[in-house]
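Each reported figure results from applying straightforward, stated rules to the coordinates on display, with no laboratory input. Predicted model, so just to flag it, every value in this text is computed and none were measured. Positions of Cβ are backbone-derived with ideal geometry, glycine not excepted, and every protein chain shown enters the neighbour counts.
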Amino acid sequence: MRLTGRIDFAIRAAVELAAREGMVPLDELARAQNLPTEYVRSAMRDLRRAGIVTSRRGHDGGYALNRDPASISLADIIRAVDGPLTEVRGERPDNLEYVGPAVPLRDVWLALRANERLILESVSLADVVSGSLPDSVTGVLRTGSA
């Protein structure tokens, strides 16, 4: 899995929103995470379309989470800004067909997607803000399987 700058910026901005109360102006949000404002603006647009954040214009405007941070997973954010978690040549792994000795590759991609989901869907913004990550993450780190 390749985590692009766009994904990283969107997740960091969302974590910053989860750590705050009320509306946060765009420039303040970008500055708090040392991110380029235009990239944060683009990420917030995607997150707003996905219903993850809300925005308000004006003097007291800015961005805020639209839902409880505990109900927003990292997978939700990745899907909002970048689409499906795992794709091979733009296809979902379950839609792939291989021939000959390459047939088992489909199962490898399916297993990869399942493990990505296991971790990314189990980690919420609230988990990141609190620093209390679920066992799906800490267990892998303890066993050295990362």
For the stretch 5-143, the Cα convex hull volume per residue in Å³ comes to 121
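Rounded to the nearest 20 Debye, what is the dipole magnitude of the chain about its Cα centre when Lys and Arg each give +1 and Asp and Glu each give -1 at the C-beta? Don't skip to the answer; put the middle values down first.
On the way: 19 positive and 20 negative charges, 57 e Å.
My answer is approximately 280 debye.
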For the chain, the longest principal axis of the Cα atoms and the Cα long axis of helix 105-120 enclose an angle in degrees, to the nearest 10, of 30
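Relative contact order of the chain: what whole-number percent is it, with Cα pairs under 8 angstrom and at least 6 residues apart? Walk me through the numbers before you get to the answer.
Values: 169 pairs, mean separation 33.9, N = 146.
Computed over the chain, the figure is 23 percent.
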The long-range amide H neighbours of Leu85, using H built 1.01 Å from N in the peptide plane and a cut-off of under 5 Å, are none
